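The block underneath contains the structure these notes are about, expressed in structure tokens.
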Amino acid sequence: MEELSTSTKQQKFTNVVFCAPPSGSEDYPATVKDAVENLWAGSENGGTFVFTSSGGIYGPGDGNVVVNELTPLPDTTLNSARPMRLVNAEKNVLSSNGIVLRLAGLYNFERGAHNYWLEKGDGTVKGSSEGIINLLHYDDAAGACIAALKKTAGREKEVKGEGGLVCLISDGNPSTRGGICVSAMKAKRYAERSMPTFGEDNPVAGKVYDGSWSNKVLNWEPRYESFDKFMMEHSE
């Protein structure tokens, strides 16, 4: 991610969505802070800064964990440099009354874990076939961003934090790694693919996202209610 140019810094916008991945910046939190300070006009001007984070910061989970917007982050996050880049980036948004959307695993028909496992991969999948995966269609991620832009986080502090708003966004219907493959194979494109081999010796079982509060606060709900139903729509 290149540093914002001088000419760009002179123009600020009422509403901003930041959705670039951490891999594109040597100092991701600083890049996000730069966007907040130099691209956004601020909540006092009636607009919103939306930052797309990841539900992955809640850690791997043990299969029995249900997480929501108030769930404390585990030691696996707080003691690891990689997820802390997201955490620190979130803080730079929240401290300026922005909105953080912690997104589930994104997919569309040709992109996502299913495509990698069934078409792009080497026939093996890290993790148990019963490991829980939370999902969200790309279009629904965009819809959640639009819904968030309609909020003014600085005026409504529903979640206690740095002053902004944290939302957890998923379709509310988690699947398993094996279930994702089974669902994908209902579509014609993947129907003749073989089930991959799962790393059953990996005990990580995942966690379940409960974003019902966020859906209510944003007045939003997913268009695609589950990965399975989405793939069934592509069965012909």
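The values are calculated or read from the model by the stated rules, or taken from the named source; none is laboratory data. Quick caveat: nothing in here was measured; it's all calculated off a predicted structure. Reconstructed Cβ throughout: ideal geometry from the backbone, glycine too, with neighbour counts over all protein chains shown.
The C-beta contact set for region 187-202 (first residue farther than 29 Å from Asp62 by Cα and among the charged types (D, E, K, R), second residue at pLDDT 90 or above and assigned to a helix (DSSP H, G or I), distance under 7 angstrom, 6+ apart or interchain) comprises Arg193/Leu118.
This table checks each residue for (1) over 16 Å from His137 (Cα atoms); (2) outside any loop (DSSP other than H, G, I, E, B); (3) of a type in the set (Ser, Thr, Tyr).
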residue	(1), (2), (3)
Ile180	no, yes, no
Val208	yes, yes, no
Lys216	yes, yes, no
Arg223	no, no, no
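The residue list Arg102, Arg85 contains one member that is part of a strand (DSSP E or B), touching a residue at least 12 places away in the same chain (Cβ under 8 Å), surrounded by 13 or more Cβ atoms within 10 Å (Cβ to Cβ) and not hydroxyl-bearing (Ser, Thr, Tyr), which is Arg102. Annotation note: Cβ proximity below 6 Å between a residue of region 9-32 that is exposed (fewer than 13 other Cβ atoms within 10 Å of the Cβ) and a residue that is part of a loop (DSSP other than H, G, I, E, B) (sequence gap 6+ or interchain) occurs for Gly24/Met1. Restricting attention to region 1-35, the residues that are at pLDDT 95 or above and of a type in the set (A, V, I, L, M) add up to 5.
Somewhere in region 71-89, is a residue in contact with a strand residue (DSSP E or B) (Cβ under 6 Å, 6 or more places away or on another chain), of a type in the set (Gly, Ala, Ser) and at negative phi? For region 71-89, residues in contact with a strand residue (DSSP E or B) (Cβ under 6 Å, 6 or more places away or on another chain), of a type in the set (Gly, Ala, Ser) and at negative phi: absent.
From the list Val166, Val159, Val204, the lone residue that is on the phi < 0 side of the Ramachandran plot, buried (at least 19 other Cβ atoms within 10 Å of the Cβ), modelled with pLDDT under 95 and of a type in the set (A, V, I, L, M) is Val159. All of (1) surrounded by fewer than 21 Cβ atoms within 10 Å (Cβ to Cβ); (2) at pLDDT 95 or above; (3) of a type in the set (Gly, Ala, Ser) hold for Ser129 with one exception: (2). For first residues located in region 130-141 and more than 13 Å from Asn173 (Cα to Cα) and touching a residue at least 24 places away in the same chain (Cβ under 8 Å), partners that are among the basic types (Lys, Arg) and outside any strand (DSSP E or B) and lie 6+ apart or on another chain with Cβ distances below 6 Å form the pairs Gly131/Arg177; Asp140/Arg223. If you take the residues in region 63-82 that are part of a loop (DSSP other than H, G, I, E, B) and not β-branched (Val, Ile, Thr), which one is nearest to Ile146 (Cα to Cα)? It comes out as Glu69. Here is a check on your reading of the model: is Pro83 modelled with pLDDT under 90 and within 15 Å of the chain's Cα centre (by Cα)? Here the answer is no, as Pro83 does not meet what is asked. Of all residues in region 83-116, exactly one satisfies the criterion of being over 19 Å from Lys151 (Cα atoms) and among the β-branched types (Val, Ile, Thr), namely Val87.
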